[in-house]
Amino acid sequence: MILRWHGHACFELQSDFTLVVDPHDGRSLGLSPPSASADLVLVSHDHFDHNQSRNVRGLRTRVIDTAGRHQFQECKIRGIPAFHDEEQGAKRGSVVMFRFAMGGIDFLHAADLGHFPAEQLDAMRGCDLLFLPVGGVFTIDSAMAWRVAQAVAPRVVVPMHYRYGSLTLAIDELQPFLDASPWPVVDLGSEMELEQEDLPTQPEVWRFLS
């Protein structure tokens, strides 16, 4: 399997099929647009920096943007409803966190989670790899992200949705999250080959670099 970061909250996974989650258009964020053609696109919510599925569509691309249970080929996908803020969506609405397995690895993309997910924890626990927002302002911040990470207890946390490089969103940088990490931090490139046996036996933070 290939796991590739396209910046912000957008990730691509290539295995038996290609999946892209939360594509942006690049230009609106000061980033390069995702360069991918996907069989399946997961969209966590209808905000411009997460919902640009037209940028990655192939000839028969399916888009999933709702909570509930879905299936694509042999891949079972669960959309877990959550909120974009601490006021049950009153400020920024709702989001869908997607949990799915590819290549024997259990992934959870926490979207623009904006609160401690007490009611969602049972559905989140036990994942192998957790994509987690850490930049604050529009999502949970680094301190809350660590509360969530330790409650979910994945094997790997991949931080996302933070300020770096040319990104124009006024959110926090990654360093406060890394400084607070009780787990080893592993630096990667923008993509990696990932197999089940590559997962650590003890929790780690994987930092993708653009």
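Report whether or not Asp49 is touching a residue at least 40 places away in the same chain (Cβ under 8 Å) and over 22 Å from Leu167 (Cα atoms).
Here the answer is no, as Asp49 does not meet what is asked.
Residue by residue through region 150-187, note down the ones that are without any contact (Cβ under 8 Å) to a residue 40 or more places away in the chain, of a type in the set (A, V, I, L, M, F, W, C), farther than 30 Å from Arg27 by Cβ and in contact with a strand residue (DSSP E or B) (Cβ under 9 Å, 6 or more places away or on another chain).
Matches in region 150-187: Trp183, Val185, Val186.
Select from region 4-42 the residues that are surrounded by fewer than 23 Cβ atoms within 10 Å (Cβ to Cβ), closer than 17 Å to His161 by Cβ and in contact with a strand residue (DSSP E or B) (Cβ under 7 Å, 6 or more places away or on another chain) and list them in ascending order.
If the condition is that a residue be surrounded by fewer than 23 Cβ atoms within 10 Å (Cβ to Cβ), closer than 17 Å to His161 by Cβ and in contact with a strand residue (DSSP E or B) (Cβ under 7 Å, 6 or more places away or on another chain), then Arg4, Glu12 are the ones that fit.
Kindly provide the set of residues from region 162-188 that are modelled with pLDDT under 95 and surrounded by fewer than 14 Cβ atoms within 10 Å (Cβ to Cβ), ordered by number.
Gly165, Ser166, Thr168, Ala170
Could you grab me the full set of residues in region 162-201 that are in a strand (DSSP E or B), within 24 Å of Val137 (Cβ to Cβ) and charged (D, E, K, R)?
Arg163, Glu173
Restricting attention to strands (runs of 3 or more DSSP E) lying wholly within region 52-161, give those where 1 or more residues are surrounded by 20 or more Cβ atoms within 10 Å (Cβ to Cβ) and modelled with pLDDT of 95 or more.
Correct list: 57-64, 75-83, 94-102, 105-109, 129-133, 156-160.
With the structure loaded, tell me whether His45 is modelled with pLDDT of 80 or more, crowded, with 17+ Cβ neighbours inside 10 Å, out of contact with any Ser or Thr (no Cβ under 6 Å at 6 or more places or on another chain) and part of a loop (DSSP other than H, G, I, E, B) or whether it fails that test.
yes
The values are calculated or read from the model by the stated rules, or taken from the named source; none is laboratory data. This is a predicted model, so every value here is computed, not measured. Note: ideal-geometry Cβ built from the backbone for every residue, glycine included; neighbour counts use all protein chains shown.
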